[in-house]
Amino acid sequence: MSMQLNRQLPMPADLKAQHPLSPAVLERKAQRDREIREVFEGKSDKFIVIIGPCSADNQEALLEYVHRLAEINEAVKDRLLLIPRVYTNKPRTTGQGYKGMLHQPSPDKAPDLLEGIIAIRRMHIRVIEGTGLTAADEMLYPENRSYLDDVLSYEAVGARSVENQQHRLTASGMDIPVGMKNPTSGDLSVMLNSIQAAQSSHNFLYRGWDATTGGNPLAHAILRGGVDKYGTCVPNYHYEDLMRLLELYGERDLLNPAVIVDVNHSNSDKKYKEQIRITSEVLHSRSHSRELHKLVKGVMIESYLEEGCQPIEGERTYGKSITDPCLGWADTRSLIFSIAERA
């Protein structure tokens, strides 16, 4: 085999024992999980805003961002549920480029997966301890989530992973909301099949165990736009797209129909300023239809301290994305308050 085994990584239980959660963090996590669950179960009318950097590439910048978010949260918490994006591993279309803090705790140094799993666990704990906000991350590697499954309040399965069997089956054993993105093709049936699989019980191989899951009733849709055969972005956030998804949900026996609209990626063609306009249109569609008001639970926004993005090479600006471009803080603050007024 052309594979070199470098070293065996610690078991998740051992890492958790080395970096445990305090009673206060455990209590806060349980409270946040209840609040978020109630939105997806239709018991709460709060609007979810999953917001933060494309990738958590710098611990201090990320923590400063979430502290600012927590200050805003105090002003909008009666209307919104803010969930910071703390994305610690990144899918790469060609396999090249920065793969996230899991791989490289420092973007300037060589990959170190042992230091990476320690760094991302510590960072998620620091977020909760410092701000009281529990976060969202992407389930890029299903087996790796065991290092974080006690700290996350939301997980997303990306457009390139949503058709993967291991992702679907692992999602069926989670006790928090998991959002299934439509694939890059934009095919909604693939996404809905994934939701159906995640809401069902399964028996499968997981981390060397014969595992059985009970199904996750909080699995739901994330619309992120698609790309046609010519490479042109095709958005799916418009009123007609949301009504079509509502119709497709109605054709299936799925629990807690819900959608989060990702206003970046192929919905904005990565024109990050468009996220402001797209969010406004989603809120308008939601206010226009009682059915959509129930279906559309929130939006997902990419935002950081500084707007835009920058190359990873050379001297970098603190708080500016090294992956996809993001809204800056001034626009972020304004947008959150605008959402709170209209949601």
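The values are calculated or read from the model by the stated rules, or taken from the named source; none is laboratory data. Computed from a prediction, not measured in an experiment: that's the story for all the values here. Because the Cβ atoms are built from the backbone with ideal geometry, glycine has one as well, and the counts that use them run over all protein chains shown.
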What residue, of 128, 118, is crowded, with 22+ Cβ neighbours inside 10 Å and modelled with pLDDT of 95 or more?
128
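Conditions tested, residue by residue: (1) surrounded by fewer than 20 Cβ atoms within 10 Å (Cβ to Cβ); (2) within 24 Å of residue 7 (Cα to Cα).
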position	(1), (2)
98	yes, yes
123	no, yes
140	no, yes
162	no, no
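Would region 172-187 turn up any residue that is of a type in the set (Asp, Glu), under 18 Å from the mean Cα position of the chain (by Cα) and surrounded by 20 or more Cβ atoms within 10 Å (Cβ to Cβ)?
Within region 172-187, none of the residues are of a type in the set (Asp, Glu), under 18 Å from the mean Cα position of the chain (by Cα) and surrounded by 20 or more Cβ atoms within 10 Å (Cβ to Cβ).
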For region 89-104, indicate whether the set of residues that are assigned to a helix (DSSP H, G or I) and among the hydrophobic types (A, V, I, L, M, F, W, C) is non-empty.
no
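Matching residues to (1) touching a helix residue (DSSP H, G or I) at 6+ places or on another chain (Cβ under 6 Å); (2) free of Cβ contacts under 8 Å to residues at least 12 places away in the same chain; (3) charged (D, E, K, R):
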{"position": "27", "(1), (2), (3)": "no, yes, yes"}
{"position": "37", "(1), (2), (3)": "no, no, yes"}
{"position": "69", "(1), (2), (3)": "no, no, no"}
{"position": "72", "(1), (2), (3)": "yes, no, no"}
{"position": "77", "(1), (2), (3)": "no, yes, yes"}
{"position": "87", "(1), (2), (3)": "no, no, no"}
Is one or more of the residues making up region 296-317 more than 23 Å from residue 62 (Cα to Cα) and touching a Leu at 6+ places or on another chain (Cβ under 8 Å)?
yes
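Are there any strands (runs of 3 or more DSSP E) wholly within region 206-321 with 3 or more residues that are of a type in the set (Ser, Thr, Tyr), and if so which?
none
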For region 283-309, how many residues meet the condition of being crowded, with 24+ Cβ neighbours inside 10 Å and among the hydrophobic types (A, V, I, L, M, F, W, C)?
4
Sort out which residues of region 262-280 are within 19 Å of residue 342 (Cβ to Cβ), of a type in the set (Asp, Glu) and surrounded by fewer than 19 Cβ atoms within 10 Å (Cβ to Cβ), and write them in order of number.
274
